[in-house]
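Worksheet: the structure to be examined is printed underneath.
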Amino acid sequence: MTDKDMRFDYLLRLGDNSLILGQRLAEWCGHAPMLEEDLALTNIGLDLLGQARMFLSYAGEVEGKGRDEDRLAYFRDTKDWRNLLLLEQPNGDFAKTMARQFFFDAFQYLQFEGLAKSSDDRLAGIAAKSLKEITYHRRHSADWIIRLGDGTDESHERIQGAIDDLWGYLPEMFDMDAVDDAMLADGFGVDVAALRPVWDDYVNGVLAEATLIRPADSWSVRGSREGKHSEHLGYLLAEMQFLPRAYPDAKW
Amino acid sequence: MNIETKSELPLYEVFIRSKNGLDHKHVGSLHASDAEMALTNARDVYTRRGEGVSIWVVKSTDIVASSPEDRGSFYEPSDDKLYRHPTFFELPDEVGHL
C-alpha cells in the first residue's frame, strides 16, 4: 500500500464508524421509549452523520478518483466498509443501544482527542470540531448506563446482559495494524492501543457507579480493517443504499 | 411502584436564556426521571437550533401558581388606580425617548 492508499483507508475507518453508528441511531427515529429520547438519539445520529461527511469527503479527495462523500457512502459493498464490528450490531432493546453507544463514545472521545493533535491540519480540525459533540454523547450515554444499571431489577438485568453480549466486540477498537502503525509514524493518526488503559479507567468507573459487573475477557471477534463484517452490515447497507442505487440520478 | 410512575416520568418546566444579559424565558416542558436528565433532555429538545446559552429546569410540581378564581381579588382592584401608572409626569424635551 502506498502512503496515499493508507491515508484513504484510515479516513474511511473514521468516516465509516461515524456513518454506520449514525445510521443505526436513525433507526430509532419515531421508536424511542419517549419523545425526549427520540430527539436525543436522532441528534446524536445527525452529529455522527456530519462527522462521516467530513471524513468521507476528505477520503475521496485523498483517493483522487473523483468519488465524493455520496459515492463512498452509497456505492460501496460490505467488503469495502471499514467500520468497527461493534457499530453495525443491531440496536436490540434500548439497553443494548446504550451499551454500544457508551463503549464507542468513551473510545471515540479518546481517539479524537489524539486526532485533534494530528500533524494534518484538516484531520485535526475535523477531530476538534467533533470532540465537542462527542463530549456530550459520552455524558448522555454514561448517564444512561448509570441510570439503567442502578435502576430497577429489570433495567439492571437488561443493561448487564447487553454489556455481556457486546464485550467481545470491544478489543477490536484497540487493534493496531500496518495502516495504523504507518499513520502513527506519520503523525497523522493515533496510537489506539495506548488508549486502552485510559478507556478502562473511565469505563470501570462508570460501571462501578452503575453497580454493573465488568465481564471477563473471553471471546473476541475482529476483521473490520480487512472488510470482514458480520451479516448485519449487509442488511443495514441494503436499507441505507437502496434509493441512490435504484435511482442513481435522484436529486433531493 | 404504582401505575402512574411506571408509565410517566415527572414533568419539568424548561426556561432558556437566549443571550447573555437577557432573562430566562419559559419555553415548554418535558418528562425526565431526575434533574440531570431534565437538563440534557432540555438541551436536546429545546436548543437544537442555537436557541440558548443557559438552561433552567424546575419540577412542575414545585411551581406555585395563582388560580383563575383569584382573578377578582388579585388583579381587579388595580384597575381603577390609574394614579399608580407614571403617566402624569411631563417630560422635558431634552430627555427625549425613555
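Worth a mention:
- Filter result (of a type outside the set (A, V, I, L, M) and not in a helix (DSSP H, G or I)) within region A:1-30: A:THR2, A:GLU27, A:TRP28, A:CYS29, A:GLY30
- Residues that are free of Cβ contacts under 8 Å to residues at least 40 places away in the same chain and over 15 Å from A:LEU48 (Cβ atoms), drawn from region A:79-131: A:GLU113, A:ALA116, A:LYS117, A:ASP121, A:ALA124, A:GLY125, A:ALA128
- In region A:31-47, of all residues being among the hydrophobic types (A, V, I, L, M, F, W, C) and assigned to a helix (DSSP H, G or I), the one that is farthest from the chain's Cα centre (by Cα) corresponds to A:LEU35.
- Within region A:24-36, the set of residues being at pLDDT 95 or above, within 14 Å of chain B (Cβ to nearest Cβ) and surrounded by 15 or more Cβ atoms within 10 Å (Cβ to Cβ) comprises A:LEU25, A:TRP28.
- Those residues of region A:128-171 which are farther than 19 Å from A:ILE44 by Cα, more than 14 Å from chain B (Cβ to nearest Cβ) and either crowded, with 17+ Cβ neighbours inside 10 Å or in contact with a strand residue (DSSP E or B) (Cβ under 7 Å, 6 or more places away or on another chain) (or both), in sequence order: A:HIS156, A:ARG158, A:ILE159, A:GLN160, A:ALA162, A:ILE163, A:LEU166, A:TRP167, A:GLY168, A:TYR169, A:LEU170
- Residue tally, condition within 13 Å of chain A (Cβ to nearest Cβ), without any contact (Cβ under 8 Å) to a residue 40 or more places away in the chain and surrounded by 15 or more Cβ atoms within 10 Å (Cβ to Cβ), over region B:34-65: 11
- Comparison of A:GLY66, A:GLY50 shows that the only residue that is within 14 Å of chain B (Cβ to nearest Cβ) and either outside any loop (DSSP other than H, G, I, E, B) or small (Gly, Ala, Ser) (or both) is A:GLY50.
- Looking only at region A:181-194, and only at residues there that are out of contact with any Lys or Arg (no Cβ under 8 Å at 6 or more places or on another chain) and touching a residue at least 60 places away in the same chain (Cβ under 8 Å), the one that is surrounded by the most Cβ atoms within 10 Å (Cβ to Cβ): A:GLY189
- Annotation: A:LEU87 fulfils all but one of (1) over 30 Å from B:GLY50 (Cα atoms); (2) surrounded by 21 or more Cβ atoms within 10 Å (Cβ to Cβ); (3) within 17 Å of the chain's Cα centre (by Cα); the unmet one is (1).
- The listed residues are A:PHE75, A:PHE94, and the only one of them that is within 14 Å of chain B (Cβ to nearest Cβ) and over 25 Å from A:PHE174 (Cα atoms) turns out to be A:PHE94.
- Unique residue being in contact with a His (Cβ under 7 Å, 6 or more places away or on another chain), at pLDDT 85 or above and either within 23 Å of A:ARG139 (Cα to Cα) or not in a strand (DSSP E or B) (or both) when the list is B:GLU13, B:GLU76, B:GLU69, B:GLU51: B:GLU13
- Across region A:21-30, not a single residue is classified as free of Cβ contacts under 8 Å to residues at least 12 places away in the same chain and either touching a strand residue (DSSP E or B) at 6+ places or on another chain (Cβ under 9 Å) or closer than 22 Å to A:SER130 by Cβ (or both).
The values are calculated or read from the model by the stated rules, or taken from the named source; none is laboratory data. Bear in mind the structure is a predicted one, so any value in this text is a computation, not a measurement. In this analysis, Cβ positions are derived from the backbone assuming ideal geometry, glycine residues included, and neighbour counts consider all displayed protein chains.
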